[in-house]
1. Have a look at Leu172, Gln214, Gly232 and report the one farthest towards the positive end of the charge dipole of segment 172-263, computed about the Cα centre with Cβ charges (Lys/Arg +1, Asp/Glu -1).
2. Using only helices, what value at 222 nm comes out for the chain when you add -39,500 (n - 2.57) per DSSP H run of length 4 or more and divide by the total residues, to the nearest 500 deg cm²/dmol?
3. So which lysines pass the test for Lys120, namely a Cα distance under 25 Å, with those fewer than 8 places away in the same chain ruled out?
4. Putting +1 on Lys and Arg Cβ atoms and -1 on Asp and Glu Cβ atoms, find which of Leu58, His106, Ala261 reaches farthest to the positive end of the dipole of the chain.
5. Starting from the Cα gyration tensor of the chain, take the square roots of the eigenvalues, sort them a ≥ b ≥ c, and report rounded, prolate or oblate (rounded when a/c is under 1.5, otherwise prolate if a/b is larger than b/c, else oblate).
6. What percent do you get for the relative contact order of the chain when only Cα pairs under 8 Å and 6+ apart count?
7. Convex hull over the Cα atoms of segment 78-144, averaged projected area in nm²?
8. State the answer as a single residue: which of Ile95, Val76, Asn146 lies farthest towards the positive end of the charge dipole of the chain, with beta carbon charges of +1 for Lys and Arg and -1 for Asp and Glu, about the Cα centre.
Amino acid sequence: MKIAPRIAAIQDISGFGRCSLTVVLPVLSAMGSQCCPLLTASLSAHTAFPPSDKATFLDLTGQMERTADHWAELGVTFDAIYSGFLGSADQIRIIEQFYRQFRGEHTRVLVDPVMGDHGKPYRTYTPDLCARMRELADQADCITPNWTEAALLLGEDYDSRPTEESSIRSWLERLSLDGRRSVVLTGVSLAESQVGAGYFDRITGTTGFAMAHQEPAHFPGTGDLFASVLLGALMRGDELPGSVRQAVDFVQRCAAHTLAAGTPPVEGVQFEPLLKELV
Ligand code: PXL
């Protein structure tokens, strides 16, 4: 009997606007993994909606260590530890401690170094938080930055990001920290109307690309969708290149479906009707 791989998902829950746990949990479950949320914060909605006095943000940092300690008492072990959007530098200290408690020889650590998009850090990401995120990402087996995050990790200017294939490969190699970690860089385009991901696979030491048709809209939360499909595929035993391909294709199909449905992009992609394709 196959036992579901178990993943600790260190994420917030945003009640409206598909991102973080409202994406991560259904995707990982559909792909056959057990997802155990270690909650960082509870929000009324994700932060891509217009700022409002009514928006709620409940910081759950104080619950994280206690939750980890209870899990340790229960003897829980994890096949993967996956983190995304984080609320404070203190949460990073707690995640590092979580690694010491729960990172076994076969535990894969995926850090989605969520910090910003379109060349700008998110409102809540201070330079200190970005510096700590870089230290957390240094410990990962695999990272999934977008261009903004890759530039922040490398200390490069976002506007000088490469467009040539050979220079993109060299960014991927630099991001791998001498081949120590796998890298999946999202938002890569090598030809007009195509977008996808470039990767460095630390198992083979090679770089590659997976591309799909570029849909003409931007949706919050697709980074979380991408990383979740990638991790779900890796946990099923797929190699990195095939996992990247599945993530690129699924995000593209969800974006195309959402555009056809005509719902507001800020609400995220309608992945629900397509979820069965991941099973
Ligand atoms: O998709 C990343 C993300 C996760 N969680 C919250 C966010 C965002 C991006 O804006 O606001 C609360």
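1. Sorting the options by dipole projection puts first Gly232.
2. Calculated from helices alone, the mean residue ellipticity at 222 nm is -12000 deg cm²/dmol.
3. Qualifying lysines at Cα under 25 Å: Lys54.
4. Farthest towards the positive pole: His106.
5. Because its axes are fairly even, with a/c under 1.5, the chain counts as rounded.
6. Normalised by residue count, the contact order of the chain is 18 percent.
7. Seen from a random direction, the Cα hull of segment 78-144 projects 4.3 nm² on average.
8. Val76
The values are calculated or read from the model by the stated rules, or taken from the named source; none is laboratory data. The structure displayed is predicted, hence computed values, not measured ones. When we count neighbours, we look across all protein chains shown, and the Cβ atoms used for this are built from the backbone with ideal geometry, even at glycine. Ligands, DNA and RNA are excluded from the accessible area calculation, which covers all protein heavy atoms including side chains. Shrake-Rupley method; radii C 1.70, N 1.55, O 1.52, S 1.80 Å.
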